[in-house]
Amino acid sequence: MSEEPVIAKVAGSVGALARDEWDALAGGNPFMSHDFLTVLEDSGSVGARTGWQPAPIVIEGADGKLSAALPAYLKGHSQGEYVFDHAWADAYERAGGQYYPKLQIAAPFTPATGPRLLLQDEALAAPLLNAAAQLCLQNGFSSAHATFIEPGQCELFEKAGWMLRSDIQFHWSNRGYESFDDFLAALASRKRKAIRKERAGAQEGVEIRRLSGHEIRPEHWDAFWLFYQDTGARKWGRPYLTREAFDLLGERMGEKLLLVLAYEDGAPIAGALNFIGPDALYGRYWGCSRDKRFLHFELCYYQAIDAAIERGLLRVEAGAQGGHKLARGYEPVETFSAHWIADPGFAEAVADFLERERAGVALDQNYLSAKTPFRKS
């Protein structure tokens, strides 16, 4: 007797799907959780008018419950992805093609590694990815892209014919440290002294508070919203998240948030927002109302290390880019994305580009790894 065919379908939103069924597939990653993705939907941070139209692709089991899912979005631009394909879009359109819309499989606005294939069984990866490709072909989309893939899932994308791309982020690794001083002891003397000097300078005249769960009140979000807007306006032109998104994050995910605020004369002057995963702390947003030397490093990097050690977390992912993290104990780590291109000729050109790019990334990682501040044995 032949097996029943696997049928994939596109849902209108993550919010239209059962929370417990989605989270059973997401594996505890905060950015793949039903709560996080529906906060983006319900707050208007994603949606047709933002160029991020939710289009999750799902497979249901014989019992009618979710057995596989892709957090997918129809994209009308390449903003908020942190894996840059603007040059691809430009080349394709100069050749007479239409690059947008495309299909993006991601945690929107979030350069944090995690599962992108949410699976009950790995055998469902191929039909799920085939459904993504078919969606593109049937609708004339140029391509599909999955960004910041958990390394263990790369092979599943490759087997389905997707092309892999790599880049470098800076992560801090907890090597069994019991305190920040334990971590400092692993560094070269000169680097250790520099970090102590930075922390002392950042903390002078400043009170630093770490808040989580019910400790985060509306006035804290009001202050952080101003910081976030300032940073967003300078970096991206406009902030990705709406003000309502922060209230909803506090309501639905408060225990998975760590908000670090700096106060001067009783008033908040800077803040950093982190998400807490099962084994990692993820630094996401930072902002300030006035510049104070070294305060960015203190709130975003050193406070994150303190918190990770206290919570027994294995690493801190401090977001995209930022070679300045290297001197502060954050080491170069390879990150991965996967890409499917509909046009065979364009796919061949992208594959050639990726092969050359990989060689450069490998050289960069080797160079950066030799520049870490740790004591050389």
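Kindly write out, for segment 180-191 in residue order, the coupling ³J(HN,Hα) from the Karplus curve 6.51 cos²θ - 1.76 cosθ + 1.60 (θ = phi - 60°), rounded to whole Hz, with x marking Gly and Pro.
4, 5, 4, 4, 4, 5, 7, 8, 4, 4, 5, 5
Which cross-chain or sequence-distant (5 or more) residues have an amide H under 5 Å from the amide H of Ile269, H modelled 1.01 Å from N in plane?
Close amide H contacts, sequence-distant or interchain: Ala262, Tyr263, Glu264.
How would you classify segment 228-323 from its alpha-carbon gyration tensor, with a ≥ b ≥ c the square roots of the eigenvalues: rounded for a/c under 1.5, else prolate if a/b is greater than b/c, otherwise oblate?
rounded
Let me know the shape class of segment 1-99, please: from the alpha-carbon gyration tensor, a ≥ b ≥ c as square roots of the eigenvalues, rounded when a/c is under 1.5, otherwise prolate if a/b is greater than b/c, or oblate. Walk me through the intermediate numbers first.
Numbers: a/c = 2.50, a/b = 1.49, b/c = 1.68.
Oblate shape, in that a/c is at least 1.5 and b/c is the bigger or equal ratio.
Using a simple charge model, +1 on the beta-carbon of Lys and Arg, -1 on the beta-carbon of Asp and Glu, nothing else, what dipole does the chain show about its Cα centre, in debye to the nearest 20?
Using only the charged Cβ atoms, the result is roughly 1600 debye.
Please compute the contact order of the chain in relative form: average sequence separation of alpha-carbon pairs under 8 Å and at least six residues apart, divided by the residue count, as a percent.
Result for the chain is 20 percent.
At 1.4 Å probe radius, can you tell me the per residue accessible area of segment 1-73 in Å²? Could the numbers behind the result be given before it?
Values: 3240 Å² over 73 residues.
About 44 Å² of surface per residue is accessible.
Could you tell me what percent of the accessible area of segment 192-278 is made up of carbon and sulfur, with a 1.4 Å probe and every protein chain present? The partial results should precede the final answer.
On the way: 2060 of 4190 Å².
Its accessible area is 49 percent carbon and sulfur atoms.
For segment 83-191, with all protein chains present and a 1.4 Å probe, just round the carbon and sulfur fraction of the accessible area to a whole percent.
Ligands and nucleic acids excluded, carbon and sulfur reach 47 percent.
Counting only C-alpha contacts under 8 Å and six or more residues apart, can you give the relative contact order of segment 227-303 as a whole percent?
28 percent
With the other protein chains left in place, how much accessible area per residue, in square angstrom, belongs to segment 261-362 at a 1.4 angstrom probe?
Here the residues of segment 261-362 average 38 Å² of exposed surface.
Checking the a/c ratio against 1.5 first, then a/b against b/c, what shape does the Cα gyration tensor give for segment 136-194?
Judged from the Cα gyration tensor, segment 136-194 comes out prolate (a/c at least 1.5, a/b above b/c).
Give me the lysines in straight-line cross-link reach of Lys159: C-alpha distance below 19 Å, same-chain residues under 8 apart excluded.
Output for Lys159: empty list, no partners.
How much accessible area per residue does segment 141-192 have, counting only protein heavy atoms and a probe of 1.4 Å, in square angstrom?
Values: 2150 Å² over 52 residues.
Counting only protein heavy atoms, the per-residue value for segment 141-192 is 41 Å².
Could you give each residue of segment 56-62 its phi-based ³J(HN,Hα) in whole Hz, using Karplus coefficients 6.51, -1.76, 1.60 with θ = phi - 60°, and x for Gly or Pro?
x, 9, 9, 10, 9, x, 4
The values are calculated or read from the model by the stated rules, or taken from the named source; none is laboratory data. Everything quoted here is computed from the prediction, not taken from an experiment. Methodologically, a virtual Cβ is constructed for each residue, glycine included, from the backbone with ideal geometry; neighbour enumeration extends over all protein chains shown. Side chains included, ligands, DNA and RNA excluded: accessible areas come from the protein's heavy atoms. Shrake-Rupley method; radii C 1.70, N 1.55, O 1.52, S 1.80 Å.
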